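See below for the structure under consideration.
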Amino acid sequence: MSDERRADPLIDRYVAGGPLLAYAVSSLSHEHALAKPGPGDWSIAELVTHLVDSDLVLADRMKRVIAENEPTLLAFDENAWIERLDAQAMPIEEAVNLFTANRHWMARILRRCSQADFARAGIHSERGRLTLAELLSVAVNHLDHHLYFLYAKRANLGTAVPPRYTAQ
């Protein structure tokens, strides 16, 4: 790991995800957060819970790749997590705060990594070999992918806000 703090546009996009998620769910009523207007089967509350769960899993995978030699990175069943962990009951504000704090914490770690660290890899139980750089890219793109659905759900509820993504 480097003693220098690295400037990297992808890490900047990663850390910007917290405020983007907070914006995307701003001013939603509890009823709107629990509604299931489509697209997709999840409510906005479930979608946000999925985002924080996935982000915590991705952070764990990134830490393992940085710290361990070719660790095993386990897949998880996102639908089972939504159903069995009662995602619908989780407070959106707490989920967004955890998502934001996790990304800030991980950005500190990532900015201290060397180029060689970004080439380190783990072995995913379904997807095979994944480097730290690929895992970071997955995290950034995963948020943007789900923000698209979140904004569409808001529009279908009549609570649209102008969309913002990490690429902007």
**Prompt:** Yes or no: Ile82 of a type in the set (Val, Ile, Thr), closer than 23 Å to Val25 by Cα and outside any loop (DSSP other than H, G, I, E, B)?
**Reply:** yes
**Request:** Go over the candidates Leu85, Leu51, Leu56, Leu34 one by one and state the one that is buried (at least 21 other Cβ atoms within 10 Å of the Cβ) and at pLDDT 95 or above.
**Result:** Leu51
**Complete:** Over the stretch 17-31, the set of residues part of a helix (DSSP H, G or I) and either surrounded by 11 or more Cβ atoms within 10 Å (Cβ to Cβ) or under 14 Å from the mean Cα position of the chain (by Cα) (or both) is Gly17, Gly18, Pro19, Leu20, Leu21, Ala22, Tyr23, Ala24
**Message:** Tally up the residues in the stretch 12-54 that are over 21 Å from Pro162 (Cβ atoms) and hydroxyl-bearing (Ser, Thr, Tyr), please.
**Reply:** 4
**Request:** Select from the stretch 39-56 the residues that are in a loop (DSSP other than H, G, I, E, B) and either acidic (Asp, Glu) or in contact with a Phe, Trp or Tyr (Cβ under 9 Å, 6 or more places away or on another chain) (or both) and write down the one among them that is nearest to Leu85 (Cα to Cα).
**Result:** Trp42
**Asked** How many residues does the stretch 68-100 hold that are in contact with a strand residue (DSSP E or B) (Cβ under 8 Å, 6 or more places away or on another chain) and among the basic types (Lys, Arg)?
**Response** 0
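When the stretch 44-74 is examined, which residues are found to be of a type outside the set (A, V, I, L, M), in contact (Cβ under 8 Å) with a residue 60 or more places away in the chain and closer than 23 Å to Asn156 by Cα? Reasoning before the result, please.
Here is the first cut: in the stretch 44-74, the residues of a type outside the set (A, V, I, L, M) are 46, 49-50, 53-55, 60-61, 63-64, 68-72.
Within this subset, residues satisfying the condition of being in contact (Cβ under 8 Å) with a residue 60 or more places away in the chain are 50, 54-55, 61.
Passing the criteria: only His50.
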**Message:** For the stretch 91-101, check the following and say yes or no: at least one residue is in a helix (DSSP H, G or I), surrounded by 13 or more Cβ atoms within 10 Å (Cβ to Cβ), in contact with a Gly (Cβ under 8 Å, 6 or more places away or on another chain) and hydroxyl-bearing (Ser, Thr, Tyr).
**Reply:** yes
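Quick check on the stretch 109-118. Is at least one of its residues without any contact (Cβ under 8 Å) to a residue 24 or more places away in the chain, buried (at least 19 other Cβ atoms within 10 Å of the Cβ) and over 30 Å from Gly158 (Cα atoms)? Steps first, answer last, please.
In the first step, residues of the stretch 109-118 are kept if they are without any contact (Cβ under 8 Å) to a residue 24 or more places away in the chain; the result is 115-116, 118.
Retained after the next criterion (residues that are buried (at least 19 other Cβ atoms within 10 Å of the Cβ)): 118.
Remaining after also requiring over 30 Å from Gly158 (Cα atoms): 118.
Yes, the stretch 109-118 has at least one match.
For Thr72, state whether it is exposed (fewer than 14 other Cβ atoms within 10 Å of the Cβ), at pLDDT 95 or above and among the hydroxyl-bearing types (Ser, Thr, Tyr). Give the derivation first.
Details: exposed (fewer than 14 other Cβ atoms within 10 Å of the Cβ): yes; at pLDDT 95 or above: yes; among the hydroxyl-bearing types (Ser, Thr, Tyr): yes.
Here the answer is yes, as Thr72 does meet what is asked.
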**Request:** Please tell me if Ala167 is of a type in the set (A, V, I, L, M) and not in a helix (DSSP H, G or I).
**Result:** yes
**Message:** Just to be sure I understand the filter: pairs with C-beta atoms under 9 Å, separated by 6 or more residues or on different chains, first member in the stretch 125-150 and under 27 Å from Pro37 (Cβ atoms), second member among the acidic types (Asp, Glu). Which pairs pass?
**Reply:** Ala139/Asp55; His142/Asp55; Leu143/Asp55
**Asked** Of the residues in the stretch 128-162, how many are surrounded by fewer than 17 Cβ atoms within 10 Å (Cβ to Cβ), within 18 Å of the chain's Cα centre (by Cα) and not in a helix (DSSP H, G or I)?
**Response** 1
**Asked** Would you pick out the residues in the stretch 120-168 that are at pLDDT below 95 and touching a Lys or Arg at 6+ places or on another chain (Cβ under 8 Å)?
**Response** Thr166, Ala167
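The values are calculated or read from the model by the stated rules, or taken from the named source; none is laboratory data. All figures in this text were calculated on a predicted structure; none of them were measured in a lab. Glycine also receives a Cβ, built like all others from the backbone with ideal geometry; neighbour counts cover every protein chain displayed.
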